[in-house]
1. Going by the structure shown, is LEU225 surrounded by 16 or more Cβ atoms within 10 Å (Cβ to Cβ) and modelled with pLDDT of 95 or more?
2. Across the range 164-201, what is the number of residues that are acidic (Asp, Glu) and buried (at least 24 other Cβ atoms within 10 Å of the Cβ)?
3. Mind checking whether some residue in the range 253-265 is surrounded by 17 or more Cβ atoms within 10 Å (Cβ to Cβ) and either hydroxyl-bearing (Ser, Thr, Tyr) or more than 24 Å from ALA161 (Cα to Cα) (or both)?
4. Among residues belonging to the range 124-163 that are part of a strand (DSSP E or B) and of a type in the set (A, V, I, L, M, F, W, C), point out the one that is surrounded by the most Cβ atoms within 10 Å (Cβ to Cβ).
5. Tell me, which strands (runs of 3 or more DSSP E) wholly within the range 197-299 include 2 or more residues that are under 16 Å from LEU152 (Cα atoms) and not hydroxyl-bearing (Ser, Thr, Tyr)?
6. Assuming ILE238 fulfils every condition listed in (1) modelled with pLDDT of 95 or more; (2) within 18 Å of the chain's Cα centre (by Cα); (3) not acidic (Asp, Glu) apart from one, which condition is it?
7. Going residue by residue through the range 266-281, is there one that turns out to be at pLDDT below 95 and not aliphatic (A, V, I, L, M)?
8. Pairs only if they're at least six apart or on different chains, beta carbon under 9 angstrom, first in the range 230-249 and hydrophobic (A, V, I, L, M, F, W, C) and surrounded by fewer than 22 Cβ atoms within 10 Å (Cβ to Cβ), second outside any loop (DSSP other than H, G, I, E, B) and at pLDDT 95 or above; list them, first residue then second.
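The values are calculated or read from the model by the stated rules, or taken from the named source; none is laboratory data. Bear in mind the structure is a predicted one, so any value in this text is a computation, not a measurement. Here Cβ is always computed from backbone atoms with ideal geometry, including for glycine, and neighbour counts include all displayed protein chains.
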Amino acid sequence: MTSSRSASLNPSGRAAANSASIPRRRLGRPTRSPDCTCCVCPLIAPPLAHPVSNTCSNAVKRGWGQLLDDIPTTSPDTTAPATTHRRPASPRSCPVTPRVIPVTEHYFTDSPAATDAERRPRQLTLAGREVTVETAGGIFSPGGVDKATAILLDEVPAPPAAGDLLDIGCGWGPIALSLALLSPEATVWAVDVTERALDLTRRNAATLGLTNVRTARPDEVPADLAFAAIWSNPPIRIGKPAVQELLGTWLPRLTQGADAHLVIGKNLGADGYARWITDELGLPTERAATSKSFRVLRTSRPAGG
């Protein structure tokens, strides 16, 4: 999932604070202080940018564009003396002059199709086949299949042979291409918000002779379409409210008796998302697999439900 990856949202910064206490933690497990209000805290690894708010009610429909203009670019208040994070023998203060790291743009902004010079061939295995695809910078995982997506593809059962199948946040297309290879009679919808991702997926599908892949932005998918399966490595780092809006938009579009499979990092809230989908969307969700630091969640729409 670019992903570039697919959905849509509105980041906003928090009010800055001069200092905050950081609870004792185990070494090797960087965490954000619960009171840390820095736009980017060096204790986060990898660094995250401003949290995403839920102020955008039509986020998924609009795509991720038009968002960087809303993101604060100034550092927090610097009136208090800065402190440095060290090995925490005892609680320490969060630095008030953190290094500001830009939001990962491929999650939020549209980008043009990659040029010939920007595209790079990659040889890899998809659906048991050795294939050559093209990737490019400016999208999610340009180096090939990322670890989370590889786990998803290893753990999910075979997709339905027919019907409409969905990849939310297709990026250069590893999930959508796998679905199309495994189910040549199905129609695979590869959804993303950037032309760069969609163009790469189209090119890769054409290279592999896959005529059953449809690339689309979120608002280009027919509103009455229901899906026989959904596979996704959702863009969790766009923020919890935005991810919830994304999941709330697409998961209810499962056909009766169909399943969605999502891969989410355990430390990025996989279990919490499973509870939220079950409780708030009314779609039973459980752990289908756990591998390394990731969970594969299975969401079902019961027959007759």
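1. So LEU225 does not fit the description; no.
2. So the answer is 2.
3. Our first condition is that a residue be surrounded by 17 or more Cβ atoms within 10 Å (Cβ to Cβ); within the range 253-265, this holds for 253-254, 258-264.
This time we only want the ones that are either hydroxyl-bearing (Ser, Thr, Tyr) or more than 24 Å from ALA161 (Cα to Cα) (or both), so: 264.
Within the range 253-265 (the criterion being surrounded by 17 or more Cβ atoms within 10 Å (Cβ to Cβ) and either hydroxyl-bearing (Ser, Thr, Tyr) or more than 24 Å from ALA161 (Cα to Cα) (or both)), the answer is yes, since at least one residue qualifies.
4. Just the residues of the range 124-163 that are part of a strand (DSSP E or B), to begin with: 124-126, 129-135.
Cutting the leftovers down to of a type in the set (A, V, I, L, M, F, W, C) gives us 124, 126, 131, 133.
Values: LEU124: 14, LEU126: 21, VAL131: 17, VAL133: 24.
Applying the filter and picking the extreme gives VAL133.
5. 227-232, 254-265, 285-291
6. Against the list (1) modelled with pLDDT of 95 or more; (2) within 18 Å of the chain's Cα centre (by Cα); (3) not acidic (Asp, Glu), ILE238 comes up short only on (1).
7. Scanning the range 266-281 turns up no residue that is at pLDDT below 95 and not aliphatic (A, V, I, L, M).
8. Within 9 Å, the pairs are ILE236/VAL243; ILE236/ILE264; ILE236/GLY265; ILE236/LEU268; ILE236/ALA270; ILE236/TYR273.
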